[in-house]
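Asks: Please see the structure below; I have some questions.
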Amino acid sequence: MRSLYLKIVMTTVVVMVFSSAVAFLISNAYYQYSLKPYNDKKLTRMAEEVKTFYESSSMDDLDDYLTNIGELGYQIYLVDEQGKGIFFGGSFRNKELSHQVVESVLDGHVYHGISQFSSKGLFTGFFDNALVNTIGVPVTGKGNNYALFFRPNTELQFGELRIFFALILFLTVLLSILTVLVSTRYLVKPIVTLTQATKQIAKGKYNIQLNVKLRDEIGELANHFTKMANNLEQLDLMRQEFVSNVSHEIQSPLASIQGFSQTLQSKELSEDKRQHYLSIIENESRRLSQMSKQLLTLASLDKEKEILNQHTFDVATQIKQVLFMTEWSWREKDLTVELDLTSAPIYADEQLLHQVWTNLLVNSIKFTEKGGAIFINLSKRENGYCIQFKDTGIGISKNDLPHIFTRFYKADKARSRKEASSGLGLAITKKIIELHDGQIDVESQLGKGTIFHIYLPKK
């Protein structure tokens, strides 16, 4: 499979190299025939001004004067009649200079090293920091003759550099845009097809076939897009069915409120127990309100971990509380509940994990026949805890098992169950576990029961 990434990288590299090369050749020609002579004249004028200022002033020390000039950002080489030279300012990369040039300047001639300097290959001589690439003028002081070779650092050439680099940048961008507009048309065409397909989905038309035969990321994207459209169609049907059902996530606290309300009707209850049951009903009502908000939040899947309100608490104690809240349900079915819980302090969202244990326990109660058993085990693992919910219920078929955590999914066996299910409970449970960086797995056999394995890190 040819990678789309590779195609884009190769196309971009070729375009940028080609554009840069053409732009540099044009800019180099412009410098050689236009800017270079102008630069030579300007630097000659500057050297003459440095010379004139010194000769017309009353300064005694030429070295001090040239030292100050060099500190302003110039490169200077001074040679006396005996051939002794000294450098001022910035240093030269290449300090070679023929004796004939020095003698010519000492004799009163001006050396135009800028205009005479020959560039090597494709590079201009503008940036070559060599002694031969200077302007040489004769200087007289205290009866002595000197040859002064002068050039500024290239950083001071603001005018020429602006034109030079602006021209390179403009031509590079222009040629790149023109070339990319032509070369990317082929790459964009499949994306246009996908865009048209998204418009069809927006209209509610999910039966889409994309004729994209590429064997790269775009082709793979088209295949996944078709699968997504089919899943959206199935999801839309499930949502319509879900509207007519009451979520068992809401049924659980409502059932607790109903059960304890019936218990409160007994005249034999003491005042302490009555107040205790009223407190449970109040807590369940409050939890019901919170649960509704969490269902909407988890369904959107937008805020992720931002919804967590974490603190440290004991998971074992929380599971016991959930078991007590649902006591009337499992006692009504004459179920045996066995606990093997070790203390498990964990940093997590207490409300969300309360919902997890409630979902799993209510499912076990709901789908376990009368007289069955439920086993809850909590054990320590490296850097975390493992919680198991095991029941002797009706179990889940192999065909349904891979889909039980899918939102709105309801197994075929659900039709024979006494209580309706929205298909959201296990999806919400898995989402909460994942929000805590945990993991949930399931084992099940029809007629033999189900085991849920939950791993939670301590954090």
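Asks: Check whether at least one residue in the stretch 368-391 is part of a helix (DSSP H, G or I) and at pLDDT below 90, and report yes or no. Write out each step before concluding.
Replies: Step one: of the stretch 368-391, the residues part of a helix (DSSP H, G or I) are none.
No; the residues of the stretch 368-391 include none that is part of a helix (DSSP H, G or I) and at pLDDT below 90.
Asks: State all residues of the stretch 316-340 that are surrounded by fewer than 13 Cβ atoms within 10 Å (Cβ to Cβ) and over 44 Å from the mean Cα position of the chain (by Cα); if no residue qualifies, say none.
Replies: Result: F324, R331, E332, D334, T336, E338.
Asks: Next question. Is there any pair with a first residue in the stretch 355-376 that is within 25 Å of S289 (Cβ to Cβ) and a second that is small (G, A, S) whose Cβ atoms are under 6 Å apart and which are 6 or more apart or on different chains, and what are they?
Replies: T358/S252; N359/G425; V362/S252; I365/S329
Asks: Now for a different question. Return the residues of the stretch 298-315 that are modelled with pLDDT of 80 or more and open to solvent by 50 Å² or more (accessible area, probe 1.4 Å); say none if nothing qualifies. Break it down into steps so the answer makes sense when it comes.
Replies: Our first condition is that a residue be modelled with pLDDT of 80 or more; within the stretch 298-315, this holds for 309-315.
Within the stretch 298-315, N309, Q310, H311, T312 meet the criteria.
Asks: Next question, about the same structure. Looking at the stretch 67-87, is at least one residue small (G, A, S) and under 30 Å from L175 (Cα atoms)?
Replies: Among the residues of the stretch 67-87, not one is small (G, A, S) and under 30 Å from L175 (Cα atoms), which makes the answer no.
Asks: Being without any contact (Cβ under 8 Å) to a residue 24 or more places away in the chain and not in a helix (DSSP H, G or I) is the filter here, so list the residues in the stretch 205-227 that pass it.
Replies: K205, I208, Q209, L210, N211, V212, K213
Asks: Hey, another quick one. Please state which of the following conditions I451 fails to meet, knowing it meets all the rest: (1) in contact with a strand residue (DSSP E or B) (Cβ under 6 Å, 6 or more places away or on another chain); (2) at pLDDT below 95.
Replies: Among (1) in contact with a strand residue (DSSP E or B) (Cβ under 6 Å, 6 or more places away or on another chain); (2) at pLDDT below 95, the lone unmet condition for I451 is (2).
Asks: Of all residues in the stretch 179-237, which are hydroxyl-bearing (S, T, Y) and over 30 Å from M10 (Cα atoms)? It would help to see each step written out before you state the result.
Replies: Kept after step one, since they are hydroxyl-bearing (S, T, Y), are these residues of the stretch 179-237: 179, 183-184, 186, 193, 195, 198, 206, 226.
Y206 - this is the single residue of the stretch 179-237 that is hydroxyl-bearing (S, T, Y) and over 30 Å from M10 (Cα atoms).
Asks: Continuing with this model, one more query. Go through K320, K293 for me and flag whichever is in a helix (DSSP H, G or I), at pLDDT below 85 and closer than 27 Å to I387 by Cβ. Give the steps one after another, and end with the answer.
Replies: Values: K320 fails: at pLDDT below 85.
Of K320, K293, the one residue that is in a helix (DSSP H, G or I), at pLDDT below 85 and closer than 27 Å to I387 by Cβ is K293.
Asks: Across the stretch 426-439, what is the total count of residues that are open to solvent by 10 Å² or more (accessible area, probe 1.4 Å) and either under 17 Å from V362 (Cα atoms) or out of contact with any helix residue (DSSP H, G or I) (no Cβ under 8 Å at 6 or more places or on another chain) (or both)? Working first, answer last.
Replies: From the stretch 426-439, those open to solvent by 10 Å² or more (accessible area, probe 1.4 Å) are 426, 430-431, 434, 437-439; that's our starting set.
Okay, now just the ones that are also either under 17 Å from V362 (Cα atoms) or out of contact with any helix residue (DSSP H, G or I) (no Cβ under 8 Å at 6 or more places or on another chain) (or both), so 426, 430, 434, 437-438.
Number of matching residues: 5.
Asks: Moving to a separate point now. Being within 30 Å of Y186 (Cβ to Cβ) and either in a helix (DSSP H, G or I) or out of contact with any helix residue (DSSP H, G or I) (no Cβ under 8 Å at 6 or more places or on another chain) (or both): is that true of I8 here? Full working, then the answer.
Replies: Numbers: within 30 Å of Y186 (Cβ to Cβ): yes; either in a helix (DSSP H, G or I) or out of contact with any helix residue (DSSP H, G or I) (no Cβ under 8 Å at 6 or more places or on another chain) (or both): yes.
Yes: the conditions hold for I8.
Asks: Right, another one. Could you tell me which residue of the stretch 346-358 is surrounded by the most Cβ atoms within 10 Å (Cβ to Cβ), considering only residues that are in a strand (DSSP E or B) and in contact with a Phe, Trp or Tyr (Cβ under 9 Å, 6 or more places away or on another chain)? Lay out the reasoning, then the answer.
Replies: As a first pass, look at the stretch 346-358 and keep what is in a strand (DSSP E or B): 346-349.
Still in the running and in contact with a Phe, Trp or Tyr (Cβ under 9 Å, 6 or more places away or on another chain): 346-348.
Values: I346: 22, Y347: 13, A348: 25.
Applying the filter and picking the extreme gives A348.
Asks: Please determine, by comparing only the residues of the stretch 359-382 that are surrounded by 19 or more Cβ atoms within 10 Å (Cβ to Cβ) and among the hydroxyl-bearing types (S, T, Y), which one is farthest from P457 (Cα to Cα).
Replies: That would be T368.
Asks: Let me ask another. What do you reckon, is M46 at pLDDT below 80 and either among the hydrophobic types (A, V, I, L, M, F, W, C) or crowded, with 16+ Cβ neighbours inside 10 Å (or both)?
Replies: Working: at pLDDT below 80: no; either among the hydrophobic types (A, V, I, L, M, F, W, C) or crowded, with 16+ Cβ neighbours inside 10 Å (or both): yes.
No, not satisfied.
The values are calculated or read from the model by the stated rules, or taken from the named source; none is laboratory data. On a predicted model such as this, the values are computed, not experimentally measured, just so you know. Note: ideal-geometry Cβ built from the backbone for every residue, glycine included; neighbour counts use all protein chains shown. Accessible surface is based on the protein model in full, side chains and every heavy atom, while ligands, DNA and RNA are left aside. Shrake-Rupley method; radii C 1.70, N 1.55, O 1.52, S 1.80 Å.
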